[in-house]
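The values are calculated or read from the model by the stated rules, or taken from the named source; none is laboratory data. Since we're looking at a predicted model, the values are computed, not measured. Ideal geometry is used to build each Cβ from the backbone, glycine not excepted, and the neighbour counts take in all protein chains shown. Note: accessible area is taken over every heavy atom of the protein model, side chains too, but ligands, DNA and RNA are not part of it. Shrake-Rupley method; radii C 1.70, N 1.55, O 1.52, S 1.80 Å.
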Amino acid sequence: MYVKTIISILAIFLLLGFNQKGMTQTTIDKQQIIQEMDKELKNYGKIAHEIWGLAELGFLEDKSTQILQDHLKKEGFTIKTGVAGMPTAFVAEYGNGKPIIGLLAEYDALPDMSQAANPTKGANEAQKAAAGHACGHHLFGTGSMAAAIHVKNWLKKTGTAGTIRLYGTPAEEGGGGKVYMVRAGLFDDADAVLSWHPGDENNADAGSSLAAISIRFRFKGIAAHAAGAPWRGRSALDGVEAMNYMVNMMREHITPDSRIHYAILNGAKAPNIVPAFAEVAYIIRHPDMRECKAMIDRVILAANAAAMGTETEVSHEVITGYFNKLPNKTLAEVMHANLEIVGGVNYTETERQFATEIMTSYETKGKTPETAKKVKPLEVITKGMGGSTDVGDISWVRPTTGMRAATWVPGTVAHSWQAVAAGGTTIGHKGMMVAAKTLTLTALDLYQQPDKLIKAEAELLERRGGDFKYEALLGDRKPPLEYRKGAE
Ligand SMILES: [Zn+2]
Ligand SMILES: [Zn+2]
């Protein structure tokens, strides 16, 4: 009996020693962390509002990225800036060793938006600005930074082994910043990547998205007087038209879930000149990036055939390319459980009035201001529809999951003046903190449960299939650092 007791005590000591090295079981007082973060609502709200006011476009987010980096530096993070050939991209890191949990931060705005924190359309139209945060990326960046800081505080306090990393990912809106960071191998050693996006509801996002390739075809012909000597000319616009005709016929012979859309960016200047130059932009999408790649080859065939038949020349440039997003159920379940603990957004009376007023400007589809309080059930969707995102590429190389938080009044759609407006108020800031708290608690759970990381990795390998080697859909092109220049 005596010997047995001594053995038990020894076993407990051994176990405690093991725990102090941070392998398992440091208790996470989630309520305490939530309360601590609640106290920071105003501070982080102020930072987000500053970035909202700057509303800098893709790859031009010099001040916004600096605000986040300065803050992280003050908090003890080591920062690598200008990564992957993009001056406004950065990687901030704290801690040591494995596991490495990555968080994503965005901060670019959209061109030609309103810029007023007002619930009426008139007030917003009067405030038409060069750019506005109509996708809420000021909240996205600040909220993820808040999470990184609170994870850091916890790692420091508990002496837990592990690293927290914040990826500052520029130009999500059409610039595809994350793709260049994946291509540069910046995610290779991360054990899991957590993300979020502003929205009109709260849900852990185990969804997919469409793979997309954006590509431009430039036709060169020979100019001539269209009446005087048309036989001397070769029309570049004919090249574009012949190509479009063939691609439109191709639509019958692609799977119904494919999407092809085009815009003629340069046609001709006047009908009496045979145009020597014409340009058409295509976006090709599919729920599976492999199919997307195969489809682009067929579109290129049509372009070459069109050039041959019209005796013009054609060249093409891939502008961006995004993989479809692979959901990760293992990680999504951890995030969902934490989102349920955190809960949604509760409006004050003033916020409710703002919500009620702004809701008169769109179809609410049964949603009410109370919808912002709720957390939606977890749903795993493996086949993407609708849009595309540069998070897709990350999700193919590392286990990745995300969530949406009600930073906008329920029923609001992204890229609208209503999104800009709510994002400039405490409604946006509160939604941002829902995400910040959920991301923090999810990261802490993952440090404590290495088995979840192993399971998440196995799930990734299974979903993407064998024989996978990452090759960016946009090839080896450089980041289009100037794609928004002139729109600011
Ligand atoms: Zn957007
Ligand atoms: Zn967005």
Which condition from (1) within 22 Å of residue 257 (Cβ to Cβ); (2) free of Cβ contacts under 8 Å to residues at least 24 places away in the same chain is the one that residue 304 breaks?
(1)
Go through the residues of segment 377-385 one by one and say whether even a single one is open to solvent by less than 10 Å² (accessible area, probe 1.4 Å), modelled with pLDDT of 95 or more and not in a strand (DSSP E or B).
no
Check 421, 443, 436, 414 and return the single one that is buried (at least 16 other Cβ atoms within 10 Å of the Cβ), touching a residue at least 12 places away in the same chain (Cβ under 8 Å), in the same structural domain as residue 361 (by TED's automatic domain parsing) and in contact with a Gly (Cβ under 6 Å, 6 or more places away or on another chain).
436
Return the residues of segment 113-132 that are modelled with pLDDT of 90 or more and either within 16 Å of ligand 2 (Cβ to nearest atom) or closer than 19 Å to residue 487 by Cα (or both); say none if nothing qualifies.
131, 132
Output the residues belonging to segment 227-237 that are touching a residue at least 12 places away in the same chain (Cβ under 8 Å), part of a loop (DSSP other than H, G, I, E, B) and open to solvent by 40 Å² or more (accessible area, probe 1.4 Å).
227
Quick check on segment 161-177: of everything there that is open to solvent by 10 Å² or more (accessible area, probe 1.4 Å) and more than 16 Å from ligand 1 (Cβ to nearest atom), which residue is nearest to residue 78 (Cα to Cα)?
165
With a cut-off of at least 2 residues that are in contact (Cβ under 8 Å) with a residue 12 or more places away in the chain and within 16 Å of ligand 2 (Cβ to nearest atom), name the strands (runs of 3 or more DSSP E) lying wholly within segment 133-199.
162-168, 197-199
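Yes/no per residue for (1) among the hydroxyl-bearing types (Ser, Thr, Tyr); (2) in contact with a helix residue (DSSP H, G or I) (Cβ under 8 Å, 6 or more places away or on another chain); (3) under 19 Å from residue 144 (Cα atoms):
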| residue | (1), (2), (3) |
| --- | --- |
| 424 | no, yes, yes |
| 431 | no, yes, yes |
| 444 | no, yes, yes |
| 447 | yes, yes, yes |
| 450 | no, no, no |
| 453 | no, yes, no |
| 463 | no, no, no |
Please determine whether any residue of segment 263-278 is modelled with pLDDT of 95 or more and under 23 Å from residue 383 (Cβ atoms).
no
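Can you name the strands (runs of 3 or more DSSP E) wholly within segment 74-125 that have at least 2 residues being away from ligand 1 (no atom under 16 Å from the Cβ), hydroxyl-bearing (Ser, Thr, Tyr) and within 25 Å of the chain's Cα centre (by Cα)?
On the way: elements: 78-81, 90-96, 100-105.
Once the strands (runs of 3 or more DSSP E) in segment 74-125 are filtered for at least 2 residues that are away from ligand 1 (no atom under 16 Å from the Cβ), hydroxyl-bearing (Ser, Thr, Tyr) and within 25 Å of the chain's Cα centre (by Cα), what remains is 78-81.
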Residue among 405, 436 that alone is away from ligand 2 (no atom under 16 Å from the Cβ) and under 16 Å from the mean Cα position of the chain (by Cα)
436
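Condition check: among the charged types (D, E, K, R) and touching a strand residue (DSSP E or B) at 6+ places or on another chain (Cβ under 9 Å). Does residue 252 satisfy that? I'd like the intermediate steps shown before the answer.
Numbers: among the charged types (D, E, K, R): yes; touching a strand residue (DSSP E or B) at 6+ places or on another chain (Cβ under 9 Å): no.
Here the answer is no, as residue 252 does not meet what is asked.
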Being farther than 26 Å from residue 382 by Cα, buried (at least 20 other Cβ atoms within 10 Å of the Cβ) and in contact with a Lys or Arg (Cβ under 6 Å, 6 or more places away or on another chain) is the filter here, so list the residues in segment 191-226 that pass it.
221
Out of all the residues in segment 396-411, which are open to solvent by less than 20 Å² (accessible area, probe 1.4 Å) and assigned to a strand (DSSP E or B)?
400, 401, 402, 403, 405, 406
